[in-house]
1. Which percent of the accessible heavy-atom area of the chain goes to carbon and sulfur, probe 1.4 angstrom?
2. What nm distance separates the two modelled labels at residue 93 and residue 2, each placed 7 Å from Cα along Cα→Cβ?
3. Normalised by the number of residues in the stretch 108-216, what is the relative contact order in percent for Cα pairs under 8 Å and 6+ residues apart?
4. Just to be sure I understand: of the beta bridges DSSP finds with both ends in the chain, what percent are antiparallel, rounded to 5?
5. For the charge dipole of the chain, defined by +1 on Lys and Arg C-beta atoms and -1 on Asp and Glu C-beta atoms about the Cα centroid, which residue among 185, 47, 30 has the Cα displaced farthest towards the positive pole?
6. In a shell of Cβ-Cβ distance under 13 Å around residue 93, excluding residue 93 itself, what net charge do Lys and Arg (+1) and Asp and Glu (-1) give?
7. Using a simple charge model, +1 on the beta-carbon of Lys and Arg, -1 on the beta-carbon of Asp and Glu, nothing else, what dipole does the stretch 1-124 show about its Cα centre, in debye to the nearest 20?
8. About its Cα centre, how strong a charge dipole does the chain have in debye, to the nearest 20, once Lys and Arg get +1 and Asp and Glu get -1 at the Cβ?
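The values are calculated or read from the model by the stated rules, or taken from the named source; none is laboratory data. Owing to the predicted nature of the structure, the values given are computational and were not obtained by experimental measurement. Counting neighbours? That spans all protein chains shown, and the Cβs are built from the backbone with ideal geometry, glycine included. The area values use the complete protein model at the heavy-atom level, side chains included, leaving out ligands, DNA and RNA. Shrake-Rupley method; radii C 1.70, N 1.55, O 1.52, S 1.80 Å.
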Amino acid sequence: MLDPLIADLLACIEDTHAATGYERDPARFCELQGIAYTTGPRSLSRVSRHGDGPDLIIVSHEDYGSRDLFTIAHELAHVIAKREGYIRLIRHHHQVHDQRRHIELLMNEGAGRLLMPLPDLEAATREHGDTPRTILHLAEVSGASLPVALRRWVRQDWNESRAAFEIEGNYVQDVTAWNARLPFWKWDRVPDVALEHPDLMLLGLGQGRVLGTLVG
């Protein structure tokens, strides 16, 4: 079961995005949320303290590649989480060895939801079901990278068991799972995944790359 505080944080991020009509453009999203948006030497976020100015997002440049979009979404998740008091609550209630890394990973989860909101996920699933094509669809529609789309699909429902992976040149390049077991892990060699694991759903991406999913 997902920690209730984390579940509430992610729901808050999704609700905030929904209130903008699921705005995709980062600058417009910030405008709708009253967040100052500017360019600078590196991407970062700052939440106003003691009324000393607006919340702020700084981006390194405005030519959005998949990495840039994820970085901006990550910083937006920080602003939302800080605004609503979740960072303070997490630091108080989550006793983990590395608080900074813990919070950064949670913001990554929030970024995935900002880049690929529920309506996108539902539309992709209606068209492609629980197949690898749904993950590819999410990446194409959102502009996110395939690894980010993999994780968004796997973690769409914390009560379900899912896994997804990418194989390139007979080696597992990326894999993620939630309550599900795959017969291999990252960097394992899988010479013929279709023959060895016929229970997995597979999609050839060309040039020796294979995308796969597992449900249950």
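1. Reported share for carbon and sulfur atoms: 49 percent.
2. Spacing of the two 7 Å Cα→Cβ label points: 1.4 nm.
3. Rounded, it is 24 percent for the stretch 108-216.
4. Numbers: 23 of 28 bridges.
Around 80 percent antiparallel, to the nearest 5.
5. 47
6. 0
7. That gives the stretch 1-124 a dipole magnitude of about 520 debye.
8. Approximately 580 debye in magnitude.
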